[in-house]
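Read-outs throughout are calculated quantities, based only on the coordinates presented, and are distinct from any laboratory measurement. Note that the structure is a prediction, hence the values are computed from the model and not measured. Backbone-built Cβ (ideal geometry, glycine too); neighbour counts: all protein chains shown.
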Amino acid sequence: MTTEQLMTDDQSFTGALVDAIESGVIAAFDMLPELIVALVILLVGTVVARRVRPTVVRIATRAQAGDLVRRTPLGTLFGDGERAVENALGSIAKYYVFLVAVFAAFEHIGFTHVTQWLGSGIDYVPVFVGGLGLLVIGFVVADNATRRARDSALAAKLGDEAAVADGLKAGLYAVVAVIALDTLGVSVTIVHVVAEAFAFGAGIALALAVAYLIVVRHRDEIESTANDVVADD
């Protein structure tokens, strides 16, 4: 290879490198306004997210969300810290707003692969919070129903208020768990089968208990009627 050929190849390589650098710089400058807008979106989202958290904490405190959650089995997940439940709700709201801001920033730039992934997370967060809300509300309702059942006349006549209350609580908890898990998108086929079996067994037990109470209450009348039938025979 001659010196002239080497110089020509060198110049070609240098020219290609310069062209690539120029193209990159031009593309960067063309994209600079979009990047500035994306940074502004992130900045605004960060400010809003920081202000959302204390607002949600105050609302949750006024609504006594912490007391409601601590009355359920979910209360152990939040520890014993002061306003742990309220702070957790505030943090969820804060990071959700920030996630929306990140999604909007990448959407503005045009990073479709990132926005698809972030969009899935944004869509699932409300579903997740809704499922937890159903669990909390369902557990609270189940506990209230259990207390009423424990103090009912039927439980007193059966002679074992604790067993009646525990059985009812287990059944209601199972129903609430199935509904909440179904809301969260978790496959609950096996849980459905177990819940149906439990409901069938509970129905049979309740029917037997009612029949027993009826027999005990009208025992004298039944014995008298039976004696009359035997006497007539």
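Spin-label point model (7 Å from Cα, Cβ direction): what's the residue 67 to residue 184 distance in nm?
About 2.7 nm, to one decimal.
Over what distance in Å are the Cα centres of region 32-71 and region 110-140 separated?
After rounding, the separation between the Cα centres reads 16 Å.
Write down the Å³ per residue value for the convex hull defined by the alpha carbon atoms of region 68-135. Don't skip to the answer; put the middle values down first.
Values: hull volume 5.5 nm³, N = 68.
Value for region 68-135: 82 Å³ per residue.
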